[in-house]
Each structure stands twice: as structure tokens, then as C-alpha cells.
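The values are calculated or read from the model by the stated rules, or taken from the named source; none is laboratory data. All values reported here derive from a predicted model rather than from experimental measurement. Cβ atoms come from the backbone with ideal geometry, glycine included; neighbour counts cover every protein chain shown. All accessible areas refer to the heavy atoms of the entire protein, side chains included, with ligands and DNA or RNA removed. Shrake-Rupley method; radii C 1.70, N 1.55, O 1.52, S 1.80 Å.
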Amino acid sequence: MSVRHDWYQSETKVVITVLLKNAIEKNYDVKIESKKLHMTADGFELEIPLLHPVVVERCSHKAFQTKVEITLAKETGVRWETLEEKAAPVEVALPKLQTKNWDQLVSEEEKIEEKEAQGETALNNLFKRIYSTSSPEVQKAMNKSFSESGGTVLSTNWNEVGKEKVIVRPPNGTEFREWEK
């Protein structure tokens, strides 16, 4: 049977209140040791390993209609952070995690895609690689030449492209026309 308990403290004592109706009729018994409290009643058992030692001779308990109040005399005037002494956490050895070099996996995947790419895809991959590995000046030249020429010129030479507007150079056999407004 589960019974609630609560506690509070002063400088000299710790008072534990166990909510148990008619404790005398339920044959309650309290045993207090220096670092342990043990209480039993019909169908009920409470054992608390105490955080700090108490003076057993000065401890007491009393049954009321709805509860049992246990007074523990502190051995020292230390403030208790908790009532119970918690068991030390058991260290569990975790399995070693395999670490992956994600950059290497990505570059391997890109190499596979490059080998499999054909036609326009291969050409786009080539331009992406050139753009991503270029200096900011080359990237600026590529952006300017491509946008000003309507996609007909792609230059990596900023000295040539930076001087003036890039003229449209359509492929051989085609002509460039402006959209009519």
C-alpha cells in the first residue's frame, strides 16, 4: 500500500509527516536509526535512508487521527537539501559511437553524380564546380556576363567584363530579338 509522506526542517530537527488514517488501529511501528528511518503498518512499509545522521535518543513519533508525525533530532545544524540519501549514480559504459566524416561522404556522392551525369546535367555540374571553387572576382564576372547577355555569354575574366555592358551573342544560326512591349 502506498502512503504519502512529506517533511520540513528547522535548525535542530526534521519533521516527517506520514499521511496514514487510524495508524494506531493499523499497528504502526517506527524504528529510527542514526541514518535510517523504518515505519510499518498493516499493509504499509516506509524505509528512508537519511541524508545526514540523527540523534536517536532525542527522536520521537506520535500518531494522530489522519497522520503519523516523526520528529528527528539533527546531529548537526546542517541544512538538509533532501530528506533521503540518494544512491550514487551508476556509471554505464555507453557503446562507442562511430563517427562519420560527412564532408567526405558528400564529396564521394558528388563524384558519383559527376561520373553518372551526361549532357546538360554534366555541363551544369561543371559550371557549378567552377563557380563554387572560384574567387569572388571570378564569381562576380560570371554573374555579370550571364545576366547582361541574357544567358548567351559566360565569362570568368572580370577585367574584360567589368569595363562595359556585356553584349548579347546568340549561338550561330540564331538571332536575338527584344520582347515587344
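Among Glu164, Glu47, the sequence by solvent-accessible area, most first, with a 1.4 Å probe is Glu164, Glu47.
Using unit Cβ charges (K, R positive; D, E negative) and no other charged atoms, how large, in debye to the nearest 20, is the dipole of region 1-121 about its Cα centre? Present the calculation step by step, with values, prior to reporting the outcome.
Details: 17 positive and 23 negative charges, 258 e Å.
Around 1240 debye, computed over region 1-121.
The relative contact order of the chain comes to 14 percent, based on Cα pairs under 8 Å that sit 6 or more residues apart.
Please work out the C-alpha center-to-center distance from region 23-60 to region 108-181 and express it in whole Å. Cα centroid of region 23-60 versus Cα centroid of region 108-181: 85 Å apart. Give the angle, between 0 and 90 degrees and rounded to the nearest 10, that separates the Cα long axis of helix 102-116 from the longest principal axis of the Cα atoms of the chain. That works out to roughly 30 degrees. In a reduced charge model with +1 at each Lys and Arg Cβ and -1 at each Asp and Glu Cβ, region 55-180 shows a dipole moment near 480 debye about its Cα centre.
Ligands, DNA and RNA excluded, the heavy atoms of Trp7 present near 70 Å² of accessible surface to a 1.4 Å solvent probe. Hey, what D do you get for the chain in µm²/s if you plug the Kirkwood alpha-carbon radius into Stokes-Einstein at 4 °C and 1.567 mPa s? Calculated translational D: 52 µm²/s.
Calculate, for the chain, the solvent-accessible area per residue in square angstrom, rolling a 1.4 angstrom probe over the heavy atoms of the protein chains. Please list the in-between numbers first.
Details: 14210 Å² over 181 residues.
Each residue of the chain exposes 79 Å² on average to a 1.4 Å probe.
Remark on region 55-102: Rg and Dmax equal 22.6, 68 Å (Cα only).
Throw me the Rg/Rh for region 74-181, computed over C-alpha atoms with Kirkwood Rh, two decimals. All intermediate terms of the calculation are to be shown ahead of the outcome.
Working: Rg = 31.2 Å, Rh = 20.3 Å.
Rg/Rh for region 74-181 comes to 1.53.
Quick one: dipole size for region 1-70, taken about the Cα centre, charges +1 on Lys/Arg Cβ and -1 on Asp/Glu Cβ, in debye to the nearest 20. Please report the intermediate quantities before stating the final value.
Values: 10 positive and 10 negative charges, 22 e Å.
It works out to roughly 100 debye.
Could you give the Stokes-Einstein D for region 1-89 in µm² per second, using the C-alpha Kirkwood radius, 37 °C, 0.692 mPa s?
Working: Rh = 13.3 Å.
Reported coefficient: 247 µm²/s.
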